[in-house]
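What follows is calculated from the coordinates using simple rules that are stated; it is not laboratory data. Bear in mind that the values here come from a model prediction, so they are computed numbers and not experimental data. FYI the Cβ positions are ideal-geometry reconstructions off the backbone, even for glycines, and counts take in every protein chain you see.
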Amino acid sequence: MNRRHFLSQSLAFAGIASGVFPGLASAKASEAEILFAQSYPDLNGVKQPLQNWQGRPVVVNFWATWCPPCVKEMPDLEALSQKYPDVAFLGLGVDTADNMRNFLPKVQVSYDLLVVGYGGIELMKQLGNTAGGLPFTLIFNEAGRMVERILGQVKPDALDKVLARL
């Protein structure tokens with residue numbers, strides 16, 4: 001098969017596949033489209049679609065019980081969630097539900113926690129965290145546009161300034 005024939009067949013397949021799998025041949029999906037299309041269980045095992053958090057500003061924090069910087073920033077995130085009640089805070093645990101449940105008495109937070117498990121690393125990579133490191137925090141405005149991406153522990157004063165603008 002020559003290169004021209006191969007390319008034309010590939011493009012034809014992409015056209016067919018895009019009808020079967022919408023979005024396959026389309027432009028790259030936005031971070032919001034990728035993230036809010038997901039569903040993950042809460043700590044009780046009930047599947048929660050992330051689209052439930054759309055329509056208002058949201059802070060999405062990927063964390064794990066075994067990640068010291070993640071644990072260290074949780075009280076700061078909790079304090080900011082209390083200061084900004086109109087902003088949704090969501091913790092996505094790259095961990096097991098058992099680990100997360102056992103951890104919560106040590107560092108309590110009032111914001112929602114969902115279990116993404118170790119597959120969350122791949123999701124973080126799709127969202128721009130090519131290293132797959134933790135913690136990783138994304139801030140979206142009420143229109144669903146990402147306004148900030150933070151790799152590593154949040155700096156509470158800097159995050160406070162971002163949230164104040166929302």
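Non-local amide H neighbours of Gly91 (under 5 Å, H modeled in plane, Pro and chain starts lacking H): which ones?
Here the answer is Asn61, Asp112, Leu113, Leu114, since their amide H atoms fall under 5 Å of that of Gly91.
Counting pairwise Cα distances across segment 28-165, what percent come out greater than 25 angstrom?
Numbers: 1561 of 9453 pairs.
Of the Cα pairs, 17 percent sit more than 25 Å apart.
Under the rule a/c < 1.5 gives rounded, and otherwise a/b versus b/c splits prolate from oblate, where does segment 30-88 land using the Cα gyration tensor? Show your work: numbers first, answer last.
Working: a/c = 1.74, a/b = 1.25, b/c = 1.39.
Note, shape of segment 30-88 comes out oblate.
Pop out the ³J(HN,Hα) list for segment 136-146 in order, Karplus 6.51 cos²θ - 1.76 cosθ + 1.60 with θ = phi - 60°, rounded to Hz; leave Gly and Pro as x.
Each residue's phi maps through the Karplus curve to give 9, 10, 10, 10, 10, 7, 5, 7, x, 8, 6 Hz.
Calculate, for Ala37 and Asp76, the FRET efficiency according to 1/(1 + (r/R0)^6) with r their C-beta to C-beta distance and R0 30 Å; round to the nearest 0.05. Spell out each step's value before the answer.
Values: r = 29 Å, r/R0 = 0.96.
That pair, Ala37 with Asp76, gives E of 0.55.
Below 8 Å between Cα atoms, with a sequence gap of 6+, how large is the relative contact order for segment 28-165 in percent?
Values: 245 pairs, mean separation 41.1, N = 138.
This gives 30 percent for segment 28-165.
Report ³J(HN,Hα) in whole Hz for each residue of segment 100-106, in order, from the Karplus equation J = 6.51 cos²θ - 1.76 cosθ + 1.60 where θ = phi - 60°; Gly and Pro get x.
The phi angles translate into 5, 4, 5, 7, 4, x, 6 Hz.
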